[in-house]
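Scroll down for the structure; my scribbles are underneath it.
Every number here is computed from the coordinates shown, using simple stated rules; none is lab data. The model shown is predicted, which means the values in this text are computed figures rather than measured ones. Cβ: placed from backbone, ideal geometry, glycine included. Neighbour counts: every protein chain shown.
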């Protein structure tokens, strides 16, 4: 019952790479939803989507379903592909013990609705009181792909 | 009670800057909640407590990485 690791959801990425899903990281509504550490440990090999276990419980923050990324973009620097977007902020509210987030495609309905793309742990619980919770995406981006 | 103008004049004589009530900065206390190496990246998080009682948080998780082995030859 912990959210200790970040990762890519295999089933979604397989479908993306096999052209079995029409996920568009830039044009679609890619949302970020917050979860507490009370959730069942994510399984990046088998988890499928937002609203499917374990991503159907222990969500925090308003609105339910999370906040859509804005200004998503891909870029490349000396062979490293980067996916980035504007920082994501939950407007003035009280949020208790956000431990990590799920990034998913809110636009896609088939073959799997709202497919899970990426899970990101924060490593600790974060709370705000009548305040703003902001994920300041790393300068390296939300995720990168690097040949080695 | 002295007017803001009088207070500003007195502050000026003392070489100070007077800030009328309501325009003072919302004093904050910043606490680092988490700062840790994780998977080759650094997770950083801080909490900012404001004078009016509201609390903000800022989280910077490291970019999640895909490493792709390429075949050569």
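Annotation: the residues A:90, A:13, sorted from fewest to most other C-beta atoms within 10 Å of their own C-beta, follow the order A:13, A:90. Annotation: the residues B:10, A:99, sorted from fewest to most other C-beta atoms within 10 Å of their own C-beta, follow the order B:10, A:99.
Does the protein assembly as shown come out rounded, prolate or oblate, given a ≥ b ≥ c as the square roots of the eigenvalues of its C-alpha gyration tensor, rounded meaning a/c under 1.5 and, failing that, prolate meaning a/b above b/c? In terms of gyration-tensor shape, prolate.
Take each residue in A:5-14, count the other chain C-beta atoms within 10 Å of its C-beta, and the mean is 2. Based on alpha carbons, the Rg and Dmax found for region A:57-118 are 14.2, 42 Å.
Which peptide among B:55-61, A:55-61 comes first, and what is the full order, when sorted by highest mean count of other Cβ atoms within 10 Å?
Details: B:55-61: 22.4, A:55-61: 18.1.
Sorting B:55-61, A:55-61 by mean packing, highest first, produces B:55-61, A:55-61.
Average partner chain C-beta neighbours within 10 Å, per residue of B:44-57?
On the way: counts 4, 7, 2, 6, 3, 2, 3, 0, 1, 3, 7, 9, 9, 14.
If you average over the peptide's residues, the count of other-chain Cβ atoms is 5.
Mean partner shielding of peptide A:132-142, defined as the number of other chain Cβ atoms within 10 Å of each residue Cβ, is 5.
Rounded to two decimal places and with Rh computed the Kirkwood way over Cα pairs, what is Rg over Rh for region A:35-148? Can you show the working numbers first?
Values: Rg = 14.8 Å, Rh = 15.2 Å.
Result for region A:35-148 is an Rg/Rh of 0.97.
Rounded to whole Å, the principal axis extents of the Cα atoms in region A:1-83 read 39, 27, 26, largest first.
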